[in-house]
Each structure stands twice: as structure tokens, then as C-alpha cells.
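**Student:** If you scroll down you'll find the structure; I have some questions about it.
The values are calculated or read from the model by the stated rules, or taken from the named source; none is laboratory data. Not measured: the values here are computed from a predicted model. Cβ placement follows ideal geometry from the backbone for every residue including glycine, while neighbour counts extend to all protein chains displayed. Remember, those area values only see protein heavy atoms, side chains included, never the ligands or the DNA or RNA. Shrake-Rupley method; radii C 1.70, N 1.55, O 1.52, S 1.80 Å.
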Amino acid sequence: MKAVYITEHGGTEVLKYGDVPEPTIGPNDVKVRVNACALNRLDAFTRAGVKGTKIKFSGPHILGGDAAGEVVEVGQEVTRVRLGDRVVVAPRLTCGQCRHCVAGDEELCITPGMLGSTTNGGYAEFIKVPAVNAMPLPDNITYEEAAALPTVFIPCWHMLIRRAALRPWETVMVISASSGVGSAAIQVAKQVIGSRVIATTSSDEKALKAKELGADEVIQSGTEDVAQRVKELTDGRGVDVVVDHVGADVWPATFASLAPGGRYGICGVTSGYRADLQMGMLFVRNQSIYGVFMGRKEDLRQIVTMAANGIIHGVVDRTFPLREAVKAHDALEERNFFGKLVLTIP
């Protein structure tokens with residue numbers, strides 16, 4: 001089959017397009033003919049071998065966690081997925097046997113994996129996944145839009161609905177509205193929960209798009225004092241919830257924007273891991289900080305249902321044919337896009 005793969009870590013030059021063997025499925029797996037696969041920042045980290053993603057190469061490694069396509073082969077023990085089903089893949093791999101998985105808290109699995117990072121992913125004509133990770137996809141959602149859903153919507157769903165328990169009368173601040181996570185968080189907070197949304201971004205064009213998704217106010221972080229502007233917009237109180245996937249660079253301003261009783265959720269640290277925490281402020285103001293890495297397969301089922309009903313949607317900025325994965329990664333590094341970049345496989 002055709003695939004884009006790496007055999008060493010490095011820049012975009014290590015991405016190779018060529019032939020690799022088709023995956024062989026086990027009794028509880030399905031093989032999916034991939035029609036679309038979205039890019040994620042994790043793909044760039046894995047390609048470069050940074051932020052804990054180094055691979056011990058034993059052959060070609062295929063990137064890509066967010067795949068959507070058609071089931072073309074079904075393992076002998078599989079009962080819930082059939083040949084020809086349209087599916088979108090949940091990229092988080094769990095053991096299904098540890099006490100957390102058995103309890104239904106699969107996000108706490110003690111031996112997790114990730115498609116495209118710890119195992120071969122969707123930059124290919126075919127991908128092998130556990131059948132439980134193949135989520136039925138309604139006909140009114142395109143493969144490109146479906147591929148733009150999992151890795152950005154699942155952590156936002158987990159963070160805002162379960163961990164933060166965001167309420168309609170509360171205010172949430174979404175960092176970097178133009179990112180995949182940012183564009184997803186705005187929609188979950190506004191269209192699903194009905195909260196007030198303050199977003200940050202870097203340009204007039206991106207601010208307009210953020211408002212089209214549902215942001216009530218947008219702060220341009222390059223020209224405005226974020227913490228001061230939040231105080232002005234909230235009568236000095238601050239925001240109830242922060243969705244942060246950027247990390248160190250935004251921490252001082254965003255933590256300073258958190259209201260008493262506020263909840264600070266972190267689902268990414270693309271700008272850096274470390275920050276100075278004023279612990280006195282944390283307990284005096286009864287605030288919480290928590291981390292979220294992905295979520296549950298049931299989250300994705302609910303997300304797909306909301307997308308099918310037109311309440312939320314995957315935001316696709318551009319598509320690239322599979323053979324142009326290098327151009328797609330160049331665009332990912334340039335960060336001049338809104339939403340998701342998606343590879344298409346004809």
C-alpha cells in the first residue's frame with residue numbers, strides 16, 4: 001500500500017512517500033481503508049522525536065492518529081463493526097483490562113498508546129485498529145470533517161463537560177482560537193453548553209473566524225494585555241474556566257485571569273512545560289488546576305452525534321493529497337491556518 005512514513009527523526013525531509021506492507025489484523029481488529037487523516041501537533045513532535053516521542057525504529061513508522069474511512073476487513077471476534085461501515089477512528093489505545101478501563105475510566109489506562117505515535121497511524125491507504133476504536137460515521141459527515149474531530153474535540157469534551165463541569169452561566173477563556181483545540185473548545189463551550197466564551201488569537205482574520213464559531217469576545221494576544229482585557233470584560237472577576245493547550249508562554253496571563261473558584265484545564269504544552277505557580281493564590285482563591293490527555297471512546301460517539309445534528313463541526317482549513325504530506329507539515333510548522341490540516345487518500 002502507499003503510505004507516508006519515517007525511518008528516522010528529523011525535519012520534514014524525513015517524510016517519505018512509498019510502498020509499505022498492508023497491516024495484518026487480529027481477531028478483535030478491523031482494517032480501514034483511509035479516506036482522510038488530519039494532522040496534529042503530535043505528528044510533528046513524533047516526526048522530530050521531541051517531547052517524549054522518540055521511536056526505536058525497527059522499520060517504517062507511519063504517522064497520523066485521526067483517520068476516517070471505510071471498513072474493508074473485520075476480525076473473526078468482531079461483532080459491532082461490519083464490512084463497508086463508514087467509521088472515524090478514536091486514536092487513544094487502551095488495554096481494556098486494567099482496573100481503570102474496567103471501571104470505565106479508560107483515560108486513566110495504565111498502558112495506553114496512541115495511533116501514529118506508539119503504533120502505525122493513518123498516513124496510509126489502510127490502517128489497523130481495535131474494533132472498539134472504530135466509531136460509526138453518519139453519511140452526512142464527510143471523511144475530511146470526521147478526521148478533524150477526534151484529537152481536538154475529545155480532550156475539550158472531557159475537560160469542559162466532565163472535569164470542569166462548565167455551566168451555561170459561566171465564562172470560559174479559550175487560548176489560541178485558531179488551533180484545532182481552540183476551534184473545538186469554542187464550539188463545545190458555546191454550542192453544546194451555552195457558556196460565554198472569551199477567546200485569544202493573533203489577527204483580525206482569525207478573530208472574525210473565532211466569532212463565527214461562537215466566541216463572544218476575542219482578545220488579540222499580540223497587541224493587547226490579555227489579563228487586563230479579561231478583567232475589563234468580566235468586571236474584574238476573571239473567567240471560571242481556562243482551556244490551555246499552549247503552556248508556558250501563556251501561563252502568567254491566563255492564570256492571572258482565573259476567577260475565584262476557577263478551574264484551569266491543561267491539555268497541551270506546545271510552547272513549553274514549566275511555569276511558576278503562586279500556590280498561595282491557588283488555595284486562597286479556591287482554584288483548581290488539572291490535566292487532560294484525550295478522553296473516552298464514548299466521548300467521540302457523543303461528539304459524532306453532535307456533529308451529525310449540526311451542533312458542532314470539524315473545522316478544516318486545507319486539504320492535501322497524501323503524497324504532499326511534506327507540504328502539509330510545512331504548513332503545520334508555519335501555523336498560518338485556522339482549524340485543521342487534512343491529508344486525503346484517493
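**Student:** Considering each residue of region 118-132, count those that are of a type in the set (S, T, N, Q) and either without any contact (Cβ under 8 Å) to a residue 24 or more places away in the chain or crowded, with 20+ Cβ neighbours inside 10 Å (or both), and give that number.
**Tutor:** Of the residues in that region, 1 qualify.
**Student:** Looking at (1) part of a strand (DSSP E or B); (2) farther than 26 Å from PHE320 by Cβ; (3) not aromatic (Phe, Trp, Tyr), which is the only condition SER58 fails?
**Tutor:** Condition not satisfied by SER58: (1).
**Student:** Out of the residues in region 19-29 meeting the condition of being touching a residue at least 40 places away in the same chain (Cβ under 8 Å) and not hydrophobic (A, V, I, L, M, F, W, C), tell me which one is most open to solvent (accessible area, probe 1.4 Å).
**Tutor:** THR24
**Student:** Those residues that are farther than 13 Å from CYS267 by Cα, touching a helix residue (DSSP H, G or I) at 6+ places or on another chain (Cβ under 6 Å) and assigned to a helix (DSSP H, G or I), I need them from region 151-182; list them, please.
**Tutor:** Once the filter is applied, which keeps residues that are farther than 13 Å from CYS267 by Cα, touching a helix residue (DSSP H, G or I) at 6+ places or on another chain (Cβ under 6 Å) and assigned to a helix (DSSP H, G or I), region 151-182 yields nothing.
**Student:** Report whether or not GLY180 is in contact with a strand residue (DSSP E or B) (Cβ under 9 Å, 6 or more places away or on another chain), closer than 29 Å to GLY18 by Cα and crowded, with 24+ Cβ neighbours inside 10 Å.
**Tutor:** yes
**Student:** Let me ask something additional. Please verify whether region 96-110 includes one or more residues that are in contact with a strand residue (DSSP E or B) (Cβ under 9 Å, 6 or more places away or on another chain), under 21 Å from VAL316 (Cβ atoms) and part of a loop (DSSP other than H, G, I, E, B).
**Tutor:** No: zero hits.
**Student:** Of all residues being at pLDDT below 95 and among the aromatic types (Phe, Trp, Tyr) in region 7-64, which is farthest from SER178 (Cα to Cα)? Just the residue, please.
**Tutor:** Among residues in region 7-64 that are at pLDDT below 95 and among the aromatic types (Phe, Trp, Tyr), the one farthest from SER178 (Cα to Cα) is PHE57.
**Student:** Give all pairs with beta carbons closer than 8 Å in which a residue from region 307-323 that is among the basic types (Lys, Arg) meets a residue that is part of a loop (DSSP other than H, G, I, E, B); count only pairs at least 6 apart in sequence or on separate chains.
**Tutor:** Qualifying pairs under 8 Å: ARG318/PHE337.
**Student:** Restricting region 234-278 to residues that are more than 26 Å from the chain's Cα centre (by Cα) and among the polar types (S, T, N, Q), which is farthest from PHE45 (Cα to Cα)?
**Tutor:** THR234
**Student:** Quick one: in region 54-112, of everything that is surrounded by fewer than 20 Cβ atoms within 10 Å (Cβ to Cβ) and small (Gly, Ala, Ser), which residue is nearest to MET159 (Cα to Cα)?
**Tutor:** Taking the candidates together, the pick is GLY104.
**Student:** Enumerate the strands (runs of 3 or more DSSP E) found wholly within region 234-343, keeping only those where 1 or more residues are open to solvent by 40 Å² or more (accessible area, probe 1.4 Å).
**Tutor:** Fully inside region 234-343 and qualifying: 258-266, 288-291, 316-321.
**Student:** Moving on to the next point. What are the residues in region 188-212 that are touching a residue at least 60 places away in the same chain (Cβ under 8 Å) and surrounded by 24 or more Cβ atoms within 10 Å (Cβ to Cβ), if any?
**Tutor:** VAL188
**Student:** Output the residues belonging to region 133-150 that are open to solvent by less than 50 Å² (accessible area, probe 1.4 Å) and not in a loop (DSSP other than H, G, I, E, B).
**Tutor:** If the condition is that a residue be open to solvent by less than 50 Å² (accessible area, probe 1.4 Å) and not in a loop (DSSP other than H, G, I, E, B), then ASN133, ALA134, MET135, TYR143, GLU145, ALA146, ALA147, PRO150 are the ones that fit.
**Student:** Sticking with this one: From the list ASP43, ASP66, ASP19, which one is in contact with a strand residue (DSSP E or B) (Cβ under 6 Å, 6 or more places away or on another chain) and not hydrophobic (A, V, I, L, M, F, W, C)?
**Tutor:** Among ASP43, ASP66, ASP19, only ASP66 is in contact with a strand residue (DSSP E or B) (Cβ under 6 Å, 6 or more places away or on another chain) and not hydrophobic (A, V, I, L, M, F, W, C).
**Student:** Now for a separate question. Select from region 198-233 the residues that are more than 19 Å from the chain's Cα centre (by Cα), in a strand (DSSP E or B) and of a type in the set (A, V, I, L, M) and list them in ascending order.
**Tutor:** Across region 198-233, the qualifying residues are ILE198, VAL218, ILE219.
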